[in-house]
Amino acid sequence: MDNKIIKKITIVGTGFVGSTTAYTLMLSGLISEIVLIDRNEQKADGEVMDLNHGMPFVRPVNIYRGDYKDCAGSDIVIITAGANQKPGETRIDLVKKNTEVFKSIVNEIVKYNNNCILLVVTNPVDILTYVTYKISGFPKNRVIGSGTVLDTARFRYLLSEHVGVDVRNVHSYIIGEHGDTEVAAWSLSNIAGIPMDKFCSECHQCEKQISRQKIYESVKNAAYEIINNKGATYYAVALAVRRIVEAIVRNENSILTVSSLLEGQYGIDDICLSVPAIVNSSGVEKILNVPLSDEEFTLLKNSSETLKSIAQTLDI
């Protein structure tokens, strides 16, 4: 896949996230062919029709409903399909249910395409990225989860609002699980290159630790709040997926907190979670060992152990 033009993407699942992702990719002008797959063919047909009616306003792109055989020739296959958590259902119940769903989906994909990059978006994304890696038999660099790319964006946005600086000049990461054990890398946070601690010491506009905890909690609980208010999250996550796709399509060597398999980095082995990684046309080119504080390192290890304990309950 090195240095070739990526022109075809398949999206499995046309729910809120899948259809909005198709929309963001349609607007990007980067893709020439988008296939939508969903077991609800009528829903997929409706999404295709709605998207195609906007074709006069964008660069040419062929969008159509397909079946798994249409995965053939796709450079990236994005998986957004899966079961939703029902009332009274535990997180592990959902993981087990979606693992069974993914066994079917991934086996169908690889039947027709074993040379693509698999991009997992369905939650819990870290576990399902690991499941996809195990089922597919693909090299680790070609199985990616959307990870904490969205959480990092939320973190940067809330920091920018807090300090009153353009979000594009605010730099930081959320690492670990995309979920309750995620870690805010405060020690790496900076405003236009000014370390966060130094910026805060010169600002004196808030109580630092209280404000930091409030921002972290807002990032971690953002999805719950959005779902409570409107039923689902899809705009920002679709933009996050588009950003990952752009990095692959353009062979950018961009650093993104995607979820991928760790093999000894940070003392973590045999689980997928998010740390800064170089992303290009080969997928995850390299996982970076960024200098974390002792507390952040411990929290990241705890996050990995939580994920591993769940993964060990699965039949994969």
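Only one of TYR130, TYR64 is touching a strand residue (DSSP E or B) at 6+ places or on another chain (Cβ under 8 Å) and farther than 29 Å from THR257 by Cα; which?
The unique qualifying residue is TYR64.
For region 137-157, check the following and say yes or no: at least one residue is free of Cβ contacts under 8 Å to residues at least 60 places away in the same chain and outside the structural domain of ASN107 (by TED's automatic domain parsing).
Yes, region 137-157 contains at least one residue that is free of Cβ contacts under 8 Å to residues at least 60 places away in the same chain and outside the structural domain of ASN107 (by TED's automatic domain parsing).
Tell me which residues, restricted to region 237-264, are over 29 Å from THR14 (Cα atoms) and either outside any loop (DSSP other than H, G, I, E, B) or aromatic (Phe, Trp, Tyr) (or both).
Once the filter is applied, which keeps residues that are over 29 Å from THR14 (Cα atoms) and either outside any loop (DSSP other than H, G, I, E, B) or aromatic (Phe, Trp, Tyr) (or both), region 237-264 yields LEU262, GLU263.
Starting from region 279-300, keep only residues that are free of Cβ contacts under 8 Å to residues at least 12 places away in the same chain, then list their pairs with residues that are among the small types (Gly, Ala, Ser) whose Cβ atoms are within a distance under 8 Å, requiring at least 6 positions of separation or different chains.
Sorted first by the residue in region 279-300, then by its partner, the pairs are LYS286/ALA277.
Do you know which of the residues in region 91-132 that are among the hydroxyl-bearing types (Ser, Thr, Tyr) and surrounded by 24 or more Cβ atoms within 10 Å (Cβ to Cβ) is nearest to ILE37 (Cα to Cα)?
THR122
Just to check your reading of the model, which residue among VAL219, VAL183 is crowded, with 20+ Cβ neighbours inside 10 Å, closer than 30 Å to ALA83 by Cβ, in contact with a helix residue (DSSP H, G or I) (Cβ under 7 Å, 6 or more places away or on another chain) and modelled with pLDDT under 95?
Exactly one residue qualifies, and that residue is VAL219.
If a residue has to be assigned to a loop (DSSP other than H, G, I, E, B) and either surrounded by 14 or more Cβ atoms within 10 Å (Cβ to Cβ) or in contact with a Leu (Cβ under 8 Å, 6 or more places away or on another chain) (or both) to count, how many in region 34-75 make the cut?
8
Answer yes or no: is there a residue in region 204-222 that is under 23 Å from CYS116 (Cα atoms), touching a strand residue (DSSP E or B) at 6+ places or on another chain (Cβ under 8 Å) and basic (Lys, Arg).
Checked region 204-222: no residue is under 23 Å from CYS116 (Cα atoms), touching a strand residue (DSSP E or B) at 6+ places or on another chain (Cβ under 8 Å) and basic (Lys, Arg).
Checking the conditions here, which among CYS272, CYS200 is of a type in the set (A, V, I, L, M, F, W, C) and modelled with pLDDT under 90?
That would be CYS200, the only listed residue that is of a type in the set (A, V, I, L, M, F, W, C) and modelled with pLDDT under 90.
Looking only at region 301-316, which residues are in a helix (DSSP H, G or I) and touching a helix residue (DSSP H, G or I) at 6+ places or on another chain (Cβ under 7 Å)?
Hits for region 301-316 are LYS301, LEU307, ILE310, ALA311.
Give the residue that is surrounded by the most Cβ atoms within 10 Å (Cβ to Cβ), with candidates limited to residues of region 254-311 that are in contact with an Asp or Glu (Cβ under 9 Å, 6 or more places away or on another chain) and of a type in the set (D, E, K, R).
The extreme case among them is LYS308.
For residues in region 206-245 being touching a residue at least 24 places away in the same chain (Cβ under 8 Å) and over 23 Å from ALA185 (Cβ atoms), which is farthest from the chain's Cα centre (by Cα)?
ALA232
Would you pick out the residues in region 265-300 that are of a type in the set (D, E, K, R) and either part of a loop (DSSP other than H, G, I, E, B) or touching a helix residue (DSSP H, G or I) at 6+ places or on another chain (Cβ under 8 Å) (or both)?
Across region 265-300, the qualifying residues are ASP270, GLU285, GLU296.
Just checking, which of ILE127, ILE109, ILE175, ILE92 is touching a Ser or Thr at 6+ places or on another chain (Cβ under 9 Å) and part of a strand (DSSP E or B)?
The conditions single out ILE175.
Which of the residues belonging to region 178-204 are of a type in the set (S, T, N, Q) and in a strand (DSSP E or B)?
If the condition is that a residue be of a type in the set (S, T, N, Q) and in a strand (DSSP E or B), then ASN190 is the only one that fits.
Is it true that LEU25 is touching a helix residue (DSSP H, G or I) at 6+ places or on another chain (Cβ under 8 Å), assigned to a loop (DSSP other than H, G, I, E, B) and in contact (Cβ under 8 Å) with a residue 24 or more places away in the chain?
No; evaluated as a whole, the condition is false for this residue.
Quickly run through region 208-236 and pick out the residues that are closer than 16 Å to PHE16 by Cβ and outside any helix (DSSP H, G or I).
GLY231, ALA232, THR233, TYR234
Name the residue, out of ILE31, ILE78, that is under 22 Å from the mean Cα position of the chain (by Cα) and in a loop (DSSP other than H, G, I, E, B).
Step by step, each of ILE31, ILE78 is checked, and only ILE31 is under 22 Å from the mean Cα position of the chain (by Cα) and in a loop (DSSP other than H, G, I, E, B).
The values are calculated or read from the model by the stated rules, or taken from the named source; none is laboratory data. Just so you know, these numbers come straight off a predicted model, no measurement behind them. So basically every Cβ, Gly included, is an ideal-geometry build from the backbone, and we count neighbours across all protein chains shown.
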